[in-house]
Structures are given as C-alpha cells and as structure tokens.
Amino acid sequence: MKRLICSVTVLLVLTYFAVSCEKDDICAEGSPTTPSLIVEFYNKDNGEELVNLINFKYYAVGETDTLPDVEEGTTTSFSKIELPLRTDATTTKWGLIFTRRLSNGQFTEPNTDFLEFNYETNTAYVSRACGFATTFMLSPNLNGAPNPLHTDSEDADGLWIDDVEVITTNIEDESETHIKIYL
C-alpha cells in the first residue's frame, strides 16, 4: 500500500509539472511587441508629397551611435524612419541630422534639429517567449510647450524642420504614421 501511495504521488507531481510548463518557443508572429515611433517627412508646400532625405542620420541623445548604420561614403535616402522610445523613462530626445544638396551638387554642412518626446508608458506581460511589451501615450502639451519639443542645436545653425504634426498620440503598433515632419 505504501508503494502505491508513493507511486501515485510521484505520478501526480510529474503530471503537475508537465501541465504547468509553458512552451519555450520563439515569440509567435503577430504577438504584441514594443513599437517604435513612425515618422514620415513631407513637403511643407504640398502636405501630401513625401520627401526623401539624402545623407540623413539620426541618433538618440545620450547614445553614441547614429542611425542608419551605413558604410562611410554611402548615400542614404529616407522618407520614413522609426524612432524607438525609451521604456525606462518618460522622455526621449532625438537628434535629426540633415545635409542639404545644393543646386551645384555640393552638400551643405550637416544641420541638427532636436525632437524631444514626453510620454507615459504602459508595460504588459505578453508571454514567456515574448516577454513584456510597452506601449506609449504622448503627453499633451504642458505649460504651453509643444510635444514633441522642437529645438535647434547649440551652434544655432537654423531649424531645417518647418513643422511637426502629431497624427496619433497612442503608440501601440508600427502599422501607421505617428508623426509627420514638414520641410
């Protein structure tokens, strides 16, 4: 009888562990993830016309790497970028570096504008395989200051961004544009 009780107990413990284990697979396609802020560049005179920025780079203030990570001397062209927001803070500041091409084919000195985003975060557990996902809600304008706050570099070389339009304040996925920049 003692042997039967021990066998049943061991069987119950093993069954409990087998049933309670979660699959340790790769995070499934379509699972919620932490989205980046989607930014598109438009012509200020024609708000529907996308603008491709040539020799454009950007970086998170406080970080050392600029994006995109391209080979030196390579020409880059973008009309849309993804700006990750910090999940461990309520503000992220991005430096956007634009070098204009003149009519003679030469380039101007790089010009840096800054966009500082203030937001609230909402972190939710997705699964063991996927971990946590954070969504963002851009804060409303505070004390008359716009969000995002658009400023020039320290050398005050002039703002190359004419206007910033917030399309949606809820940053929950990357399927839509969140911010339009006009130049």
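Given a Förster distance of 30 angstrom, what is the FRET efficiency for ARG128 paired with SER175, based on the Cβ-Cβ distance and rounded to 0.05? Rounded to the nearest 0.05, the efficiency is 0.75. The dipole here belongs to the stretch 101-183: it is taken about the Cα centre, uses +1 on the Cβ of Lys and Arg and -1 on the Cβ of Asp and Glu, and is about 360 debye. Restricting the stretch 35-116 to trypsin sites (Lys or Arg not before Pro) that sit in a DSSP loop and have at most 15 other Cβ atoms within 10 Å of their own Cβ leaves LYS44, ARG100. Placing +1 on the Cβ of every Lys and Arg and -1 on the Cβ of every Asp and Glu, with nothing else charged, gives the stretch 29-183 a dipole about its Cα centre of roughly 180 debye. Measuring nothing but protein heavy atoms, the accessible surface of the stretch 135-177 at 1.4 Å probe radius is 46 percent carbon and sulfur. Solvent-accessible area of ASP113, all protein chains in place: 0 Å² (probe radius 1.4 Å, heavy atoms, ligands and nucleic acids excluded).
Going by accessible surface with a 1.4 Å probe and the largest first, VAL61, VAL126 read VAL61, VAL126.
The values are calculated or read from the model by the stated rules, or taken from the named source; none is laboratory data. Quantities reported herein were computed from a predicted structural model and do not represent experimental measurements. Methodologically, a virtual Cβ is constructed for each residue, glycine included, from the backbone with ideal geometry; neighbour enumeration extends over all protein chains shown. Only protein heavy atoms, including side chains, enter the accessible area calculation; ligands, DNA and RNA are left aside. Shrake-Rupley method; radii C 1.70, N 1.55, O 1.52, S 1.80 Å.
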